[in-house]
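Since the structure comes first, as structure tokens, the remarks are kept for the end.
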Amino acid sequence: MLTAVPTLFVLVGLSFFLMHAAPGGPFDSERSLAPEVEARLNAQFHLDEPAWQQFGRYLGGLLHGDLGPSLQYEGRSVASLIGDGAPVSAARGAVALLLALTGGVALGAIAALRRDSALDRGLMLLALLGLSLPSYVVAPLLILVFALALDWLPAGGWDGPASVLLPAVALALPQLAAIARLTRGALGEVLAAPWIRAARAKGLPERLIVFRHALRPALLPVLSWLGPAAAGLMTGSVVVEQVFGIPGIGRYFVQGALNRDYTLVLGVVLFYGALVVTFNFLVDLAYGLLDPRTRPA
């Protein structure tokens, strides 16, 4: 918790100066503005000031909870844009996280219990395929099969629960594959531990050994992965949101970067950074529940 504020400060500082160092400006367009109009716009948004002075002004606004106005969406604040896109991305991300966690742990556990078998090799091959295929390949394939060929689900948009499933699956597959590999490796090590062999020697049922004694410590590497992965799933994937036409926060981030909408990009970066810090903090708390050795004395 003590490192959260300095971490976010460094994140905002780096993002701010990198955005200002990039060529172009928020009011560049194919049709050149009159010099006096461009000067008036720069003065209105304080873009005529030195970068360090703009950064200080931006930090002052943050202290008052103000993310500033969007430079491209006229009359809209950054907070309102994030407020519009974040619930959409969070809903899809929550479904994707549930699919990735339940599916990944289940497949990884099955592979660990059938270690070095044909089933184990087949599942790990599928996991490798899931990690290798990028979202911009998986998403159109899902649309072709389940929306166009089978006509089971809508091809895009954001209208009802059915429109959530395909983008959630496209977003969840790489995380599911990673969690499956982590679970398989960690559970395999735990099952080979001396205290597990002692439990088997006492005659405990294998199901009881796996679910009560082995699975909890095996989930620690999954928890470490889950912090930033959960934040990424919740804030949205740019490719998935573009392919399925979802009005989430990822699309605002891309448009803001392309249009040099400094305040919008910084707002999304700050929002994402806060989520990463929060999820990592929750992961630290969950460590204490799964492994009593990590609890403070």
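What follows draws every value from the coordinates through simple rules; no lab data is involved. Quick caveat, the model's predicted, so the values are computed rather than measured.
Quick look at the values:
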item	result
Under-5 Å amide H pairs with Ser77, H placed in peptide plane, nonlocal only	Ser70
All-pairs Cα distance distribution in segment 67-187, expressed in whole percent, bin size 10 Å	13, 31, 28, 19, 6, 2, 0
Normalised alpha carbon radius of gyration of segment 211-267 [divisor 2.2 N^0.38 Å]	1.65
The chain, helix-only ellipticity at 222 nm - DSSP H runs n ≥ 4, -39,500 (n - 2.57), divided by all residues, nearest 500	-22500 deg cm²/dmol
Rg over Rh [alpha-carbon atoms, Kirkwood Rh] for the chain	1.07
Whole-number Å³ per residue for the convex hull built on Cα positions in segment 142-297	154 Å³
Span from the segment 54-129 Cα centroid across to the segment 137-206 one, whole angstrom	15 Å
Solvent-free Debye scattering, log10 I(q)/I(0), computed from the Cα coordinates of segment 175-226 at q = 0.14 Å⁻¹	-0.36
